[in-house]
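Heads up: the structure comes next, in structure tokens.
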Amino acid sequence: MYIPNSNRVDDRTQLHALMRQYNFATLVTQHDGAPFATHLPFLLDSEHGPHGRLFAHMARANPQWQDFATGEQALVIFQGPHAYISPSWYQNHSSVPTWNYAVAHAYGVPRIVEDHATLYGVLEALVDTHEAAFAQPWRMDLPADYMDKMMGAVVGFEIEITRLEGKFKLSQNRSEQDQRQVAESLGRSDNQTDRGVAGMMSMVMDRT
């Protein structure tokens, strides 16, 4: 990924926070000599290794998991909030539109999770993560035979992250006044994603 120095984020805490909040990510591998992508929810284990570890699962009918046997590196793309930026929000009229966004790219070699208990634990943790906000969270207390059937239809895998890249393109190349004007304009939007970018911009500005 092309990352200008002003947009580079190396702080693992920041990147992991984005990966947790926007955990529905894109897994990219090579399949029959061409890029192949699957969109999946990922579970992040921050305590493993220098960059963390990812867990996910896909349909057994999806041929992508067969690519894991090659031992080749995969890419997982976490897309955070993004928004169109209007030149009308800048002081200088001689400006052009752009797009602000935050992304994290995680690299590593996928490995199939063979152990039944480990896979069950990953699925349960993923459910609990997404059910936590509900008033009455659904629990994965299903009959054993039904659960075994459902688990047989998926392939679980883990990726130890060997390289982690972050790019937060949030108008860092503009003046402080322009940055604050952009953040305020996005913050007034009815679009939740626009407001997410505004929040990230404010966070970055407060740190500098």
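The values are calculated or read from the model by the stated rules, or taken from the named source; none is laboratory data. No experiment lies behind these values; they were computed from the predicted model shown. For neighbour counting, all protein chains shown are included, and Cβ atoms are generated from backbone atoms with ideal geometry for every residue, glycine included. The area values use the complete protein model at the heavy-atom level, side chains included, leaving out ligands, DNA and RNA. Shrake-Rupley method; radii C 1.70, N 1.55, O 1.52, S 1.80 Å.
Sort out which residues of region 3-15 are closer than 11 Å to Ala104 by Cβ, open to solvent by 10 Å² or more (accessible area, probe 1.4 Å) and either of a type in the set (Lys, Arg) or touching a His at 6+ places or on another chain (Cβ under 9 Å) (or both), and write them in order of number.
Answer for region 3-15, where residues must be closer than 11 Å to Ala104 by Cβ, open to solvent by 10 Å² or more (accessible area, probe 1.4 Å) and either of a type in the set (Lys, Arg) or touching a His at 6+ places or on another chain (Cβ under 9 Å) (or both): just Arg12.
Looking at (1) in contact (Cβ under 8 Å) with a residue 12 or more places away in the chain; (2) out of contact with any Phe, Trp or Tyr (no Cβ under 6 Å at 6 or more places or on another chain); (3) surrounded by 14 or more Cβ atoms within 10 Å (Cβ to Cβ), which is the only condition Ser175 fails?
All conditions pass for Ser175, except number (3).
Residue under question is His51, and the condition is that it be more than 19 Å from Ala183 (Cα to Cα), open to solvent by less than 80 Å² (accessible area, probe 1.4 Å) and either part of a helix (DSSP H, G or I) or in contact with a strand residue (DSSP E or B) (Cβ under 7 Å, 6 or more places away or on another chain) (or both); does it hold? Spell out how you get there, then give the answer.
On the way: more than 19 Å from Ala183 (Cα to Cα): yes; open to solvent by less than 80 Å² (accessible area, probe 1.4 Å): yes; either part of a helix (DSSP H, G or I) or in contact with a strand residue (DSSP E or B) (Cβ under 7 Å, 6 or more places away or on another chain) (or both): yes.
In short, yes.
Does at least one position in region 80-97 carry a residue that is farther than 23 Å from Arg174 by Cβ and not basic (Lys, Arg)?
Of the residues in region 80-97, the ones farther than 23 Å from Arg174 by Cβ are none.
There is no residue in region 80-97 that is farther than 23 Å from Arg174 by Cβ and not basic (Lys, Arg).
Tell me which residues, restricted to region 109-145, are part of a strand (DSSP E or B) and either at positive phi or out of contact with any Asp or Glu (no Cβ under 8 Å at 6 or more places or on another chain) (or both).
If the condition is that a residue be part of a strand (DSSP E or B) and either at positive phi or out of contact with any Asp or Glu (no Cβ under 8 Å at 6 or more places or on another chain) (or both), then Ile112 is the only one that fits.
Would you check if Ile77 is surrounded by 13 or more Cβ atoms within 10 Å (Cβ to Cβ), part of a loop (DSSP other than H, G, I, E, B) and in contact with a strand residue (DSSP E or B) (Cβ under 6 Å, 6 or more places away or on another chain)? Give the steps one after another, and end with the answer.
Working: surrounded by 13 or more Cβ atoms within 10 Å (Cβ to Cβ): yes; part of a loop (DSSP other than H, G, I, E, B): no; in contact with a strand residue (DSSP E or B) (Cβ under 6 Å, 6 or more places away or on another chain): yes.
No, not satisfied.
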